[in-house]
1. So for region 452-460 (the condition being among the acidic types (Asp, Glu) and closer than 25 Å to residue 158 by Cβ), does at least one residue qualify?
2. Counting residues that are aromatic (Phe, Trp, Tyr) and in contact (Cβ under 8 Å) with a residue 40 or more places away in the chain, which helices (runs of 4 or more DSSP H) fully inside region 169-263 reach at least 1?
3. Go through (1) surrounded by fewer than 24 Cβ atoms within 10 Å (Cβ to Cβ); (2) within 12 Å of the ligand (Cβ to nearest atom); (3) over 30 Å from residue 468 (Cα atoms) for residue 190 and report which single condition fails.
4. Given the criteria more than 18 Å from residue 87 (Cβ to Cβ), over 25 Å from the mean Cα position of the chain (by Cα) and of a type in the set (D, E, K, R), does residue 371 qualify?
5. Do you know which of the residues in region 129-156 that are in contact with a helix residue (DSSP H, G or I) (Cβ under 9 Å, 6 or more places away or on another chain) and basic (Lys, Arg) is farthest from the ligand (Cβ to nearest atom)?
6. Please find, within region 443-465, the residue that is farthest from residue 176 (Cα to Cα) out of those that are surrounded by 20 or more Cβ atoms within 10 Å (Cβ to Cβ) and among the hydrophobic types (A, V, I, L, M, F, W, C).
7. From 126, 67, which residue is within 12 Å of the ligand (Cβ to nearest atom) and surrounded by fewer than 16 Cβ atoms within 10 Å (Cβ to Cβ)?
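The values are calculated or read from the model by the stated rules, or taken from the named source; none is laboratory data. These figures come from a predicted structure and were not determined experimentally. Counting neighbours? That spans all protein chains shown, and the Cβs are built from the backbone with ideal geometry, glycine included.
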Amino acid sequence: MEKEGQVVWVVVSLVVATALMLPLLHRLRLSSRRGLRLPPGSMGLFFFGESLSLKCQRMNFYTSREKRYGKVFKTHLFGHPSIVITSPDAAQFVLLEQPARFKQRGLPIIEKLVGDLFFGYQTQRKHARLRKFMHGPLLPETLENSISDIEALATSMLHSWELKTINILEEAKHYALKVAMEYVVGAAPHYEKEELTKACEHLIRGVSSIPVNIPGTHYHKALKDSKKKACALLENIVSWRQLEKRPHGDILGILMDTQDEDGCKLTPNEIHDNVLTLLYLGHDTAAAALTWAVKYLTDNPKLLEDVTAEHETIRQKKTSQDETLMWSDIKDQMPLSIRVIKETLRIANIVEFCYREVVEDVEYKGYLFPKGWRILVAHSAVHSNSEYYTNPGEFNSSRFKIAPKPYTYTPFGNGAHVCLGRELANLELLIFLHHFTLNYRWESIGDTDGSEYAPIHVPKGGFPIAVRRRKSRSMTDGKGS
Ligand code: HEM
């Protein structure tokens, strides 16, 4: 009996030792392959890797390791051996030059909750084909026709803020989701669209929760209830459209009609995952950008007055108070506001990095990027580096009077997967700034410092403000003061 116990003990010890040694052996084998070496760096604690260090240190995580190991270093994050890139050249190599060898991935929680069948995560061929079609509704020439719709959403939200204390981030999420909904889902029965908006809000709340799948948690609710509900509502909308039998130019219409070379259409699950991921990508990011822009304007009163003056000049040229903005107003008459948004996106680093999976072994400047490893192209580290930006921690919109050095400014990513919604994001932010700065003034409430990653980078607490109407020479929404 005692002998049997010893045998069991030896076997268990061997299994544990092998489990501990395997990753090490694997790394040694990889390092010697083709005479290449892995980038320098630390894999952190066994199993946990360095995820906790990234969570606690954030920008310091990149700067401290960059100092120690250089701009390409290895680590272990989100359960995967990974390589972090903080160099514009290496970022260009991964995102622009070799997209077929680096597959786009979402963070595990996003893929799990919102959907892993999103077109960005598919083969290069499938991605390129779908991207070409889906770009249509988000091109400037299409967006131009919906300025008045976005204005209506912005002004109606602003009216509801008057003399109230509001949480900018929460409000901006409703606004950005409504805007994204118009482009992604477009025509749909009122009830289904309203309910889908609510289900998406719940689902997306799950993305910023702790991923513990037990009853009662946000994550569990999002996974079990909200995702199911959102998919059922989408199915109702698809059936309604099939009965309607008329073409729809929005993204859902494109997803329903598109066929591959063999004439196969997308499956219902593919349609669901694409719609939900687009709604997620399209609204959390834009809402965070809007919130940061308000925060930076609050912190810089002189800049706020200059931005307001820019919008007053546009208003003064209008013949009536109700006249909507034109594409030319937005494109040509808002240079300062455009620079404010650029600087907001640089300094706030809403999307911290682009995430990739290495599809096959890749060599980069004598380093091996092994198949299966993950790559974090940390453009946030580039945006915060004094090599590329003087006083990078200072909000200075004037820096964009001169174009940044190539590949050093990529808040929307770069290459094959560069953000499809960047024109829309800029449009909804500029329209908001126009009406907000012209007609309102506000005070921030409570502690306005600090930020969190949810996983988008947002001001801590969502930046609550007390809003009042501004007495101005021109009122843009016909109500006057
Ligand atoms: C300020 C707001 C936004 C920021 C900072 C932002 C940022 C980004 C970034 C960094 C990427 C590249 C991801 C990668 O390469 O892995 C991306 C991709 C994408 N974004 Fe945005 N985004 C914003 C708004 C939007 C909006 C409003 C939409 C649309 C409704 C949108 C739709 C997309 C889509 C579909 C992709 C994937 C493109 C592809 O894989 O081909 N984004 N975005």
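1. Within region 452-460, not a single residue is among the acidic types (Asp, Glu) and closer than 25 Å to residue 158 by Cβ.
2. Per the criteria, 218-221, 227-244.
3. (2)
4. When the stated conditions are applied, residue 371 passes them.
5. The extreme case among them is 129.
6. Applying the filter and picking the extreme gives 465.
7. 126
Condition check ((1) surrounded by fewer than 23 Cβ atoms within 10 Å (Cβ to Cβ); (2) β-branched (Val, Ile, Thr); (3) more than 16 Å from the ligand (Cβ to nearest atom); (4) at pLDDT below 95) across all residues:
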site: 275; (1), (2), (3), (4): no, yes, no, no
site: 286; (1), (2), (3), (4): no, no, no, no
site: 293; (1), (2), (3), (4): no, no, no, no
site: 299; (1), (2), (3), (4): yes, no, yes, no
site: 310; (1), (2), (3), (4): yes, no, yes, no
